[in-house]
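Reading through the structure tokens given below for one structure.
The values are calculated or read from the model by the stated rules, or taken from the named source; none is laboratory data. In this text, all values refer to a predicted model and were calculated from it rather than measured experimentally. For neighbour counting, all protein chains shown are included, and Cβ atoms are generated from backbone atoms with ideal geometry for every residue, glycine included.
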Amino acid sequence: MEKALLVSIKCFGEKELWPLEDRARELEELTVSTGGSVADNISAIIDQPTANLYIGKGKAEEIRLLAQELDVNLVIFSHDLSGTQQRNLEEVIGKKTIDRTQLILDIFAQHAKSPEGKMQVELAQLQYLLPRLVGKGVILSRMGGGIGSRGPGEQKLEIDRRRIRERIEKLKEDLRHVGLHRQTIRKRRKEKAIPSVALVGYTNAGKSTLLNALTEAGQIVHDGLFTTLDPLSRSLKLPNGQNVVISDTVGFLHDLPHNLIEAFKATLEEVIEADALIHVLDVSHSRINQHNQAVGEVLKELGVSDKPMITVLNKIDRLNDQSWLGQIKNEFNGSIAISAKTRQNLEELLEKIQNCFAEKLLILEISIPHSRMDLVNFFYKEGKVIAIKYLQKSIKIQLSCPKVLLHKLQQDKDIRIIS
């Protein structure tokens, strides 16, 4: 386990929605999520970043002395560093130095399981590395191992700019093919008029737990940041018989680096293509309003902020005092308070999802011959059989089904639509 000293920076005049102490606390959470331990978390308030060290030389010297005193082997900065700044800081401090983006990439590298997830992480890491190549400086010469070093590996880090660019283009092309495969699957869903819903939210808000609660998906869940990188889609049959596809997606973070959003576009396509979004918020978290705003900013960048959205206030089981829950529900107009862990109020959520797609359904009364029991099975699978009556010469069925099926039903000579 690496022992880290954290440096949370604030620039005078910098417009930030997150207080310094909140950003410092989140930097701690990110560090712990990599498996590291936090020796101390200090703040550095500066007038403006400097080209050579980002912080002042005096502050860098102060960090050097503290790092020696605490016997840490890693210093983590809350702001992105250029290759020159990182190299100079390591020379002054005498310890391995990384920034917040490298920390996030390290978490991604640990949690990427599928080939697609690993490709996306490698792409993000190489895009981060390319502008920071500094000849034979510390970034390229650093041996593998430890926080900030996982991912592409020493072999790939030793290649030159041209080969890195070639690898980036190859990864983009491979991910484009993955995207085409997803498009094919989505096209089939749309042809069947199966609506899609994407779970979005701040990292560790409980999206995977909610997917499991709704669909028995068996998605592995951990209490940590960015535990889900690979999108997972599962079919969900609503109480009214309508089938929808619900997808889990990578969690968001405030000031999520743009190159990470670009690298994970293949994953985030599920959000872009969804018919509706379920925004999951951790109601027990003290920074719920900041989390809400951060997710809103990412959705805006993806161009999906105008999609129909259900706001879910999750983890009410963690609230010691629920008396103020009504007030917070008013702050998030039209929201639903649930516990995905205990399955509390999931029926209300399912009803909300139904309402999003109610206009896509028809209520029909039809008659079919006894010889067409295959149609009975089809109706149970593709819709909801409200009532069924076996008559002497026919079977009369009242059902709820997607409107897109009407044309198919009309083409079948054995189906007589009564109303």
Is there any pair with a first residue in the range 148-173 that is charged (D, E, K, R) and a second that is modelled with pLDDT under 80 whose Cβ atoms are under 8 Å apart and which are 6 or more apart or on different chains, and what are they?
Arg150/Gly144; Glu154/Met143; Glu154/Gly144; Glu158/Leu140; Arg161/Leu133; Arg167/Lys156; Arg167/Ile159
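Filtering the range 280-328 down to residues that are basic (Lys, Arg) and in contact with a strand residue (DSSP E or B) (Cβ under 6 Å, 6 or more places away or on another chain), which residue is farthest from Thr249 (Cα to Cα)?
Step one: filter the range 280-328 for residues basic (Lys, Arg), giving 287, 300, 307, 315, 318.
Next, only the ones that are in contact with a strand residue (DSSP E or B) (Cβ under 6 Å, 6 or more places away or on another chain) stay: 307, 315.
On the way: Lys307: 16, Lys315: 18 Å.
Top of the filtered list is Lys315.
How many of the residues making up the range 111-135 are polar (S, T, N, Q) and surrounded by fewer than 19 Cβ atoms within 10 Å (Cβ to Cβ)? Reasoning before the result, please.
At the first step, the residues of the range 111-135 found to be polar (S, T, N, Q) are 114, 120, 125, 127.
Retained after the next criterion (residues that are surrounded by fewer than 19 Cβ atoms within 10 Å (Cβ to Cβ)): 114.
Qualifying residue count for the region: 1.
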Pick from the range 4-28 the residues that are surrounded by 14 or more Cβ atoms within 10 Å (Cβ to Cβ) and among the acidic types (Asp, Glu): which of them is modelled with the lowest pLDDT?
Asp22
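Rundown of residues vs (1) at pLDDT below 85; (2) of a type in the set (A, V, I, L, M); (3) in a loop (DSSP other than H, G, I, E, B), yes/no style:
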residue	(1), (2), (3)
Pro239	no, no, yes
Asp255	yes, no, yes
Glu262	yes, no, no
Leu268	yes, yes, no
His279	no, no, no
Is it the case that some residue within the range 350-363 is among the small types (Gly, Ala, Ser) and more than 23 Å from Ser208 (Cβ to Cβ)?
yes
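Out of the helices (runs of 4 or more DSSP H) lying entirely within the range 301-419, which hold 1 or more residues that are modelled with pLDDT under 85 and surrounded by 13 or more Cβ atoms within 10 Å (Cβ to Cβ)? Let's see the steps before the verdict.
Values: elements: 325-331, 346-356, 373-382, 405-411.
In the range 301-419, the matching helices (runs of 4 or more DSSP H) lie at 325-331, 373-382, 405-411.
Given the residues Asp99, Asp47, Asp40, Asp22, which is the only one that is touching a residue at least 12 places away in the same chain (Cβ under 8 Å) and touching a His at 6+ places or on another chain (Cβ under 7 Å)?
Asp99
Every residue in the range 289-343 that is among the polar types (S, T, N, Q) and touching a Gly at 6+ places or on another chain (Cβ under 8 Å), please. It would help to see each step written out before you state the result.
Looking only at the range 289-343, we keep the residues that are among the polar types (S, T, N, Q), and these are 289-290, 292-293, 305, 311, 314, 320, 322-323, 327, 330, 333, 335, 339, 342.
Result: Ser305, Thr311, Asn314.
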Apart from one, (1) crowded, with 16+ Cβ neighbours inside 10 Å; (2) part of a helix (DSSP H, G or I); (3) within 14 Å of the chain's Cα centre (by Cα) all hold for Val250; the odd one out is (2)
